[in-house]
Amino acid sequence: MSLKRIWVMFKARNYEFFRDKAAFGWNFLFPFLIIAGFAIIFGGRDFSGFKVGVFPSTTKQIDFTSTNLPEKFITTTHLEFIGFPDQATGLKKLKHHQIDFLIRIDTPTPLYWQLDSSPKGYLVERLFQSAFVPENNPYGTKEIVEGREIRYLDWLFPGILGMNMMFSALWGVGYVVVRYRKNGVLKRLKATPLTAFEYMTAQALSRFFLQIFTLIVVWIGADLLFSIHVEGSLVALSVVFALGGLSLTSVGLLLAARGTSEEFTSGALNFIAWPMMFLSEVWFSLEGAPQWVKGFAEVLPLTHLLRAARHIMNDGATLAQVSGDCLALIITTLICLVLGATLFSWND
Amino acid sequence: MPPILEVKNLIKTFKTVTAVNGISFTIPPGICFGLLGPNGAGKTTALEVIEGITSPSGGEILFNGAPQTEAFREEVGIQFQHTTLLDFLTVRNTLETFRALYRDPESMEHLVETCNLAEILDHMNNKISGGQSQRLMLALALLNKPRLIFLDEPSTGLDPQARRNLWEIVRAIKEDGKTIILTTHSMDEAEYLCDEIAIMDHGTIIAQGSPPELIRRYCRGGIISLPRANITIPLSQLPLPYKEVNGRVEMTTETIDQGLKILMSKGFDLSDISVHSPDLEDVFLNLTGRKLRE
Ligand SMILES: Nc1ncnc2c1ncn2[C@@H]1O[C@H](COP(=O)(O)OP(=O)(O)O)[C@@H](O)[C@H]1O
Ligand SMILES: [Mg+2]
């Protein structure tokens, strides 16, 4: 084995990565776009209170000084008041669910409209009615729960990082090597003293290095934009991502061991990638899924990577607490490496 | 001198095709040996088995009198017919990468000069012309200072100028004392570059020798052609066997010299005469009844 030969092949592979402008940008942009997309979608869908239309009012902002509405109703938190010039405009908005409740404020007793089918309208009506009832002593005892809320983003972020690593490993090793086998690059390399072991080691190391590099760049960017919170230790998290990267890369190596058909390999890649994407809890939790689905997910390395990473990031687990998942990642790596080395062929 | 390469009864079968069907030859050091044959003759397959790229189905290959060892890769240089290079590397990166794979590589300067690569060193592999790419492939075959060099159709697909240019490089390599095995389906190339030729067809060698030897052995005489109008006597009275082609009469003769003497002595008008001496193309035609390029 020659370290020098591994090193030059490692360098050559890295050149390709950094010079392939299109793929290079995509590698970083893809996870960002997903995270940004979800931040926007979920930011907008967060509970934003109820919208109460009020007329007549010449402006959107309502002057409450001379209305018939009780103070208690006006000051309810999570109620947003919007002014309309007349009843017709208000009713139209109500019918289109753009407001939940409509009140006329220039009559001695207020007149109000709500949509029969709207649960929000019903809740606003209850608030409205109770605002006219004098204040009682509060019933029951209230306890405030303190603590950081875990945003969906905090839960999703490790999922996106892991998914990016998975695609990078499967395509960057599996697909690329098969393409090189097909177009004769591997044959050209076979004609040199380079051994299969040296070549594949260089591919794996290069991909691992690039995964970690990408992860760090994406992490820094996401942290600046959305302030990512890590409850546990960064060192433990790095170990988990490193093991995850190695195991996904070794799956890529196994796929790269044989084959000269790019079509077949991209099919095989999707066949592996899609189950991991949905069963390894990248996007959503498998809580409540049938037992056999959960059992199957245990076979996938991404499942263990994400479970361990989330446990550390969200719950502050230590490395010892995620050692089971780490062991699973190590075992996957070893199995895939041994199989890949046994099956490897330069030619077909 | 002992042969640098001996091939004995080499066979290579793919699932249903026998691409190489028992070929044998011996190559002394320092010569350029050519495998000449039409497309599909089995040249590439034979070469790749000898290079150790694919495994033989039968037969024996001896390099310096012994089966291949680990050292083989360090001592031979290979130019493939169909290969691509790593994406996104410049010519310089490519040469440096491949040089680093060998124990004792040729100097960069020597490679660049021999293969005339100076002005494309900083171009990307995929942004160079066919001729430049072929020269780069040749440089890759030379960069471990090999004793034996395999060239698979080195000039196929090149324009005439690029082709000449490549031939000159191959000649220079030969003058350096290297042994070359090349395949080609071009008889010009074989005649120009090779000291010894094996003609291959359907996986077997059908004739072998130096170009003049082959022509002497398989071609009788030459062809003398005159315009039909030059001939005033009835064709049946011509002193040589003939056939009429496109308004000309082509006569076959034992040797060109003898044929010309006969025609002159009979007082034929020899203006607009054309004379064709047999070449390797005729050798192939006479051996197989087919042309080299179909
Ligand atoms: N990998 C392969 N699998 C099956 N048949 C092949 C393979 N490679 C070559 N052949 C067949 O072997 C024959 C010889 O091919 P080849 O050696 O490429 O000829 P040449 O180089 O003389 O043009 C052809 O009939 C070709 O179709
Ligand atoms: Mg060929």
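The values are calculated or read from the model by the stated rules, or taken from the named source; none is laboratory data. This structure is a prediction, so every number in the text was calculated from the model and none was measured. Here Cβ is always computed from backbone atoms with ideal geometry, including for glycine, and neighbour counts include all displayed protein chains. Calculation scope for accessible area: heavy atoms of the full protein, side chains included, ligands and nucleic acids excluded. Shrake-Rupley method; radii C 1.70, N 1.55, O 1.52, S 1.80 Å.
Does segment B:142-165 hold any residues that are in contact with a Phe, Trp or Tyr (Cβ under 8 Å, 6 or more places away or on another chain) and either within 16 Å of ligand 2 (Cβ to nearest atom) or more than 14 Å from every other protein chain (Cβ to nearest Cβ) (or both), and which are they?
B:Asp152, B:Ser155, listed by residue number.
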*asked:* Taking the conditions exactly as written (away from every other protein chain (no Cβ under 14 Å), among the charged types (D, E, K, R) and either under 14 Å from B:Ile181 (Cβ atoms) or away from ligand 2 (no atom under 16 Å from the Cβ) (or both)), does B:Glu51 satisfy them or not?
replied: no
*Select, from B:Thr69, B:Thr84, the only residue that is open to solvent by 60 Å² or more (accessible area, probe 1.4 Å) and within 14 Å of chain A (Cβ to nearest Cβ).*
B:Thr69
*Only one of these is part of a strand (DSSP E or B) and either of a type in the set (A, V, I, L, M, F, W, C) or under 30 Å from B:Ala198 (Cα atoms) (or both): B:Leu260, B:Leu226. Name it.*
B:Leu226
*asked:* Just the residues that are outside any helix (DSSP H, G or I) and touching a residue at least 40 places away in the same chain (Cβ under 8 Å), please, taken from segment A:220-250.
replied: A:Ile228, A:His229, A:Val230, A:Glu231, A:Gly232, A:Ser233
*Unique residue being more than 16 Å from ligand 1 (Cβ to nearest atom), closer than 28 Å to B:Leu136 by Cβ and either within 20 Å of the chain's Cα centre (by Cα) or not acidic (Asp, Glu) (or both) when the list is B:Thr54, B:Thr97, B:Thr83*: B:Thr97
*Scan segment B:54-66 for residues that are polar (S, T, N, Q) and either touching a Pro at 6+ places or on another chain (Cβ under 7 Å) or more than 12 Å from chain A (Cβ to nearest Cβ) (or both) and jot them down.*
B:Ser57, B:Asn64
*Mind listing whichever residues of segment A:96-125 are among the acidic types (Asp, Glu) and surrounded by 10 or more Cβ atoms within 10 Å (Cβ to Cβ)?*
A:Asp100, A:Asp106, A:Glu125
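Quick one: which helices (runs of 4 or more DSSP H) lie wholly within segment A:94-196 and hold at least 2 residues that are within 14 Å of chain B (Cβ to nearest Cβ) and more than 30 Å from A:Phe241 (Cβ to Cβ)?
A:185-190
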_Looking at segment B:38-54, I want the residues that are at negative phi and open to solvent by less than 10 Å² (accessible area, probe 1.4 Å) and have a partner that is more than 8 Å from ligand 1 (Cβ to nearest atom) and of a type in the set (Asp, Glu) with Cβ atoms under 6 Å, at least 6 apart or on another chain. Which pairs are those?_
B:Ala41/B:Asp201
*Filter segment B:26-37 for residues that are surrounded by 23 or more Cβ atoms within 10 Å (Cβ to Cβ) and among the aliphatic types (A, V, I, L, M); which is farthest from ligand 2 (Cβ to nearest atom)?*
B:Leu36
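Using the structure shown, decide if B:Phe98 is away from ligand 2 (no atom under 16 Å from the Cβ), open to solvent by less than 20 Å² (accessible area, probe 1.4 Å), part of a strand (DSSP E or B) and not β-branched (Val, Ile, Thr).
no
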*Is there a residue in segment B:169-181 that is within 16 Å of ligand 2 (Cβ to nearest atom) and out of contact with any helix residue (DSSP H, G or I) (no Cβ under 6 Å at 6 or more places or on another chain)?*
yes
*Name every residue in segment B:118-172 that is small (Gly, Ala, Ser) and at pLDDT 90 or above, in order of residue number.*
B:Ala118, B:Ser133, B:Ala139, B:Ala141, B:Ala172
*Mind telling me which of the residues A:Phe197, A:Phe128, A:Phe132 ends up being modelled with pLDDT under 90 and surrounded by fewer than 16 Cβ atoms within 10 Å (Cβ to Cβ)?*
A:Phe132
*Do we find that A:Asp116 is acidic (Asp, Glu) and either in contact with a Pro (Cβ under 9 Å, 6 or more places away or on another chain) or under 30 Å from A:Val282 (Cα atoms) (or both) in this structure?*
no
*Taking the stated definitions as given, is B:Ile23 open to solvent by less than 60 Å² (accessible area, probe 1.4 Å), under 22 Å from B:Val283 (Cβ atoms) and either within 14 Å of chain A (Cβ to nearest Cβ) or within 16 Å of ligand 2 (Cβ to nearest atom) (or both)?*
yes
*Answer yes or no as to whether B:Pro154 is open to solvent by less than 20 Å² (accessible area, probe 1.4 Å), touching a residue at least 60 places away in the same chain (Cβ under 8 Å) and more than 16 Å from ligand 1 (Cβ to nearest atom).*
no
*Taking B:Phe14, is it within 16 Å of ligand 2 (Cβ to nearest atom) and farther than 21 Å from B:Met187 by Cα?*
yes
